[in-house]
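The values are calculated or read from the model by the stated rules, or taken from the named source; none is laboratory data. All values derive from a computational prediction rather than experimental measurement. Here the Cβ positions follow ideal geometry from the backbone for every residue, glycine too, while neighbour counts run over all protein chains shown. For accessibility, only protein heavy atoms count, side chains too; no ligands or nucleic acids. Shrake-Rupley method; radii C 1.70, N 1.55, O 1.52, S 1.80 Å.
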Amino acid sequence: IRVLETKLSTMKHGNDELFEVMAASGAVFVQVDKRGKITGWSKPAEVLFGYTEIETNGNSVDLLIPAELRNTHNVSFAEAMRGTEPIHRGVTCNAQRKNGTPVRVAIDIWAIPGDRAIAVFTPTESGS
């Protein structure tokens with residue numbers, strides 16, 4: 001997370017460097033555009049959530065959010081898109097896997113240049 005914070009604070013345009021850092025970190029990350037459509041997906045996200053990058057690209061991030069949490073997510077997402085500071089640090093909640101099972105995660109969300117946001121998920125239960 002510290003490497004990501006440093007990269008986000010120095011990043012001006014584009015996301016090639018960010019994706020390189022994220023891929024090297026082994027982080028579970030998802031990038032979304034300002035409409036909440038998934039535009040970036042890490043290999044560890046495939047393992048945690050069960051979706052491939054092809055299945056998620058261009059689809060709503062709602063795939064990962066249990067129905068009962070979607071309204072709260074929409075408010076939080078709108079906040080995250082307003083700035084470049086980490087808006088949510090270590091917020092713990094349930095996410096949803098492809099098979100519908102919940103997974104408990106801590107989420108860190110940042111807005112990044114180009115009207116996008118990136119979320120880093122850390123499973124909080126062993127065996128998740």
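When restricted to residues that are assigned to a loop (DSSP other than H, G, I, E, B) and at pLDDT below 60, segment 1-26 contains 6. For segment 56-83, a residue qualifies if it is part of a helix (DSSP H, G or I) and over 16 Å from residue 33 (Cα atoms), and the qualifying residues are 67, 68, 69, 70, 71, 72.
If you filter segment 27-51 down to residues that are in contact (Cβ under 8 Å) with a residue 12 or more places away in the chain and assigned to a loop (DSSP other than H, G, I, E, B), you find that the one that is surrounded by the most Cβ atoms within 10 Å (Cβ to Cβ) is 42. Can you find a residue that is at pLDDT 75 or above, closer than 13 Å to residue 117 by Cβ and open to solvent by 60 Å² or more (accessible area, probe 1.4 Å) anywhere in segment 64-80? Checking segment 64-80: at least one residue is at pLDDT 75 or above, closer than 13 Å to residue 117 by Cβ and open to solvent by 60 Å² or more (accessible area, probe 1.4 Å).
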